[in-house]
Amino acid sequence: MLAALAAYQRGFAGRKAQICYAMKANSSLGVLQVFAQAGCGFDIVSGGELERVLAAGGDAARVIFSGVGKTRAEMRQALDAGIGCFNVESEAELEVLNEVALSAGKPARVSIRVNPNVDPKTHPYISTGLKGNKFGVAHERALGAYQRAAALPGLQVVGIDCHIGSQITEATPYLDAMDRVLDLVEAIEAAGIPIQHLDFGGGLGIDYNGETPPPADALWAQLLARLDARGFGQRQLMIEPGRSLVGNAGVCLSEVLYLKPGAEKNFCIIDAAMNDLPRPAMYQAFQQIVPLSPRVDVSAPTTWDVVGPVCESGDWIGRDRALAVQAGDLLAILSAGAYCMSMASNYNTRGRAAEVLVDGDHASVIRRRESAADQMRGENLLR
C-alpha cells in the first residue's frame, strides 16, 4: 500500500497537491490509519465514512465529500466536522447544501463535479464520466451551475472536480478529460469566478490479469506536462486514488472444501463466496487464483470453475481455471484489496472474514472474524 502511494507522491514532488484516499475501496480502520499516518486526506461518500476517518485519526480538513445522494443530515455532520470540500454532483444539491450551510451558520466550501462525457474504456458499471451516467453536472451546464453556486450566500466556490471511472488502464481518457475541464476553468474564470483547486479524481487501474496501466508517477508526468503547457501547472491539485493504492496489496485466503467433477463442468468448491468477493458476481471480474502450496503429487492440472457455498448460481469466483488441487488445500485469490471487504455482506448469515494487515514480518489482526452473534446483535425477537 505504501509503495503504491509513494508512486503518486513521487509524481507530485514539487507540486501543490493533496492525495485523498478514496476509502470506498477499503474502509477498514487499520487501512485508513496507515494512509492517515502517511499524510493522506480522504475522499468519502457517506456520513459513516466520515466517522471512520475521524476514528482512524484522519484530519477532517483534508476530507472531500463526494457522492450523488448526500442527505441534509450528512451535510450538517460534515459541516460540523469542518471538512475541506463538498464535491457537489447536481444543481439541486447546490440549493440544498446552501440551505443547510445557512442554517448551520457555516459556509460550505464547494467544488462542482463536471461530467466531461469522456469514455474511460472500462466496465460500464464503473464508468462515471459519460452522458448516460448518474454522476456530476453535464459539461454544457457547468458554467451556469458555477454562476448559481457563486450567487448562493451559504456556499464558497473553491474548485472544480472530474472523475471519469475506475480500472482505467491508459492515459488518453485522463488527458481528454483534463482538456475539457481546463476549457471550463477558463470559461468560469472569465465569468469572474476564481477556481482555487483542480480535482482530477482517481480511477487508475491495477493488474488483475495482465493489464498494464501506467505507473502513477509516469501517468502524472504526462498530465502535469499538459497542465504546464496550458498554464495551470501551479494550481492546487487534488486526486482521489482508491483501487490503485490497495487493490494489489490484498489477498483472500480460502480452503478447498470439495471437488465435484461433472459431465460439462468441474467444480472446485471453496469456503469463500460472493459475499466475501463480490466483484466476479457483480462485474464478471477476473482475479487470479493460485494454490499456496503447489502440489507435486498431481500429474496435471484440471480445469475447474471455482465456486463458493452460497445458494446462488452467480456465486462463482473464477471460471475455467487450471488448478492441481485437492480438498483441504489453501488458495489465494489475488488483487482482493479493493472492493472486496468494503462490499462484503452477511448473505446466508455468513460471517465476514478476519482481516490481517502485514508489514514486513509483523502481522496485525485489524478485523476479527465475525460470528453469528455479531450479526444478530442489533436484532430483536417479537414480544
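Comparing mean-square fluctuations of CYS311, CYS162, CYS20 from a GNM of the chain with C-alpha springs under 10 Å, the top value falls on CYS311. With the highest mean first, a sort of the peptides 277-290, 204-217 on other beta-carbon atoms found within 10 angstrom per residue produces 277-290, 204-217. The angle between the Cα long axis of helix 72-81 and the longest principal axis of the Cα atoms of the chain comes to about 80 degrees, rounded to the nearest 10.
Taking the average, over residues, of other Cβ atoms within 10 Å as the packing measure, peptides 349-355, 269-275 rank 269-275, 349-355 from highest down.
Taking the chain as a Gaussian network, where each spring joins two C-alpha atoms under 10 Å apart, which residue of VAL256, VAL88, VAL181 fluctuates the most? Of VAL256, VAL88, VAL181, the Gaussian network model singles out VAL256 as fluctuating most. What is the angle, in °, between the Cα long axis of helix 172-190 and the longest principal axis of the Cα atoms in the chain? Nearest 10 is fine, range 0 to 90. The angle comes out near 20 degrees.
Rounded to the nearest whole Hz, the Karplus-based 3J(HN,Hα) values (6.51 cos²θ - 1.76 cosθ + 1.60, θ = phi - 60°) of segment 224-229 follow the sequence 5, 4, 5, 4, 4, 4, with x at glycine and proline. The mean sequence distance of close C-alpha pairs (under 8 Å, at least 6 residues apart), as a share of the length of segment 250-370, puts its relative contact order at 31 percent. Taking Cβ atoms as reference points and 10 Å as the exclusive limit, the residues near ARG369 contribute a net charge of 0, counting Lys and Arg as +1 and Asp and Glu as -1.
Per-residue Karplus couplings for segment 256-265, computed as 6.51 cos²θ - 1.76 cosθ + 1.60 with θ equal to phi - 60°, are listed in order as 6, 8, 8, 10, 10, x, x, 5, 10, 9 Hz, Gly and Pro entered as x. Put simply, when 327-337, 108-118, 364-374 are sorted by average Cβ atoms within 10 angstrom per residue, most first, you get 108-118, 327-337, 364-374. Among ALA177, ALA22, ALA344, the residue with the largest mean-square fluctuation in a Gaussian network model of the chain, with springs joining Cα atoms closer than 10 Å, is ALA344.
FYI, it's all coordinate maths here, none of it is from the lab. The structure presented is a predicted model; accordingly, all values stated were derived computationally and were not measured. Neighbour counts are summed over all protein chains in view; Cβ atoms, including those assigned to glycine, are modelled from backbone coordinates with ideal geometry.
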